[in-house]
Amino acid sequence: MNDDNWKDYQRFKISNQDVNAYYDLVRTAFIKGVEKVSPPSKFSNAIDLGCGSGELTQELLKYADLITGVDSSPKLIQLAQQTSDPMKSNFVLSDVLDQGFFSLLNEERFDLVTAAWLHNHLLHETEQHQLLKRILDLLNPEGAFVFLIPSSAFASPRTQSFIAKLGWKQAWLEESYHCSKGVYSFSDSDWVEMNVWQPMWLADLYMKDFSVNFLDVKAISLSHRGMGDSLIEPPFDVMFGHRKESINKV
């Protein structure tokens, strides 16, 4: 994430009641996903890729003894460090796909890998494969993952109208069978490229190495009624699962 582009993100997320309610729904769904993969006791450790200011990362402390957050924005990492317990958390400034990233973590392995709104910042198929390999390197053999990703409804006209009311600006430039290519801006930030990868395409990519499941975000949205429009199709999905090594041992 570019530091200049994200410096006002925290202020934006609490800019009005509808925006605040939407992000509360995101938080609720993320936590539900983590609960789906959590063991009876806590994970020993967890890592949050593309952690931003660490708000969702901090939620992991309910489920893991130690947490690590990673982001490429110096401003957001600084915010995360300022609001975290240094005895239980660690925040690393790095692009997840950088060659030296794993060495920054002393090649530590984790019980849980999470990523919220990360996959849509990867613009090429090769980067998605690189991220998968990186996650396999990070996870213990019995590890789990939780991803919060844009849903297939994210680029729909109804969703775009809703998102525009929240203060996001988006334009879609190209459609293919597996992704929608576009640009976005918020709070008058610079325009940035993004790809909305079809959730089923991502699921197919991960199914070789993981069990893959999807949370019923529609049901959560209906009970939460937190987006200001209870009839809108949720603009995100939560994908979760375990490494297949752990399943084969059962």
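Coordinate-derived values only; no laboratory data. The structure displayed is predicted, hence computed values, not measured ones. For neighbour counting, all protein chains shown are included, and Cβ atoms are generated from backbone atoms with ideal geometry for every residue, glycine included.
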Quick one: dipole size for the range 147-190, taken about the Cα centre, charges +1 on Lys/Arg Cβ and -1 on Asp/Glu Cβ, in debye to the nearest 20.
-> 180 debye
Could you list, in their original order, any pairs among 75/181; 62/169; 36/133; 169/244; 169/208 whose Cα atoms are separated by more than 31 Å?
-> 62/169; 169/244; 169/208
If you build a Gaussian network model of the chain, linking Cα atoms that sit under 10 Å apart, which residue out of 83, 28, 57 swings the most?
-> 83
Which value, in debye to the nearest 20, describes the size of the charge dipole of the range 41-199 about its Cα centre when Lys and Arg Cβ atoms bear +1, Asp and Glu Cβ atoms bear -1, and nothing else is charged?
-> 440 debye
Whole-angstrom gap from the range 41-66 to the range 144-172, using each part's C-alpha centre = 24 Å
So the angle from the long Cα axis of helix 157-166 to the longest Cα principal axis of the chain, reported in degrees to the nearest 10, equals 90 degrees
Pseudo-spin-label distance residue 233 to residue 164, built 7 Å along Cα→Cβ, given in nm, is 1.8 nm
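How would you classify the range 21-132 from its alpha-carbon gyration tensor, with a ≥ b ≥ c the square roots of the eigenvalues: rounded for a/c under 1.5, else prolate if a/b is greater than b/c, otherwise oblate?
Working: a/c = 1.30, a/b = 1.20, b/c = 1.08.
Because its axes are fairly even, with a/c under 1.5, the range 21-132 counts as rounded.
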R0 of 41 Å, Cβ-Cβ distance residue 218-residue 85: FRET efficiency to nearest 0.05 | 0.70
Can you give the calculated 222 nm mean residue ellipticity of the chain, where each DSSP H run of n ≥ 4 adds -39,500 (n - 2.57) and the sum is split over every residue, rounded to the nearest 500 deg cm²/dmol?
-> -10000 deg cm²/dmol
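Where a ≥ b ≥ c are the square roots of the eigenvalues of the C-alpha gyration tensor, would you call the range 145-248 rounded, which needs a/c under 1.5, or, failing that, prolate if a/b is larger than b/c, or oblate?
Working: a/c = 2.42, a/b = 1.47, b/c = 1.65.
It is oblate, given that a/c is not under 1.5 and a/b is not larger than b/c.
So if I place +1 on the C-beta of Lys and Arg and -1 on the C-beta of Asp and Glu, and nothing else carries charge, what would the dipole magnitude of the range 120-215 be about its Cα centre? I want it in debye, nearest 20.
Working: 7 positive and 11 negative charges, 60 e Å.
Approximately 300 debye in magnitude.
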Virtual spin-label span in nm between residue 200 and residue 177, 7 Å along Cα→Cβ | 1.1 nm
For the chain, with +1 on Lys and Arg beta carbons and -1 on Asp and Glu, the positive-most of 79, 241, 114 along the dipole | 241
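Rounded, prolate or oblate for the chain? Axes are the square roots of the Cα gyration tensor eigenvalues, ordered a ≥ b ≥ c, and the cut-off for rounded is a/c under 1.5. The partial results should precede the final answer.
Working: a/c = 1.39, a/b = 1.27, b/c = 1.10.
Rounded, because the longest to shortest axis ratio a/c is under 1.5.
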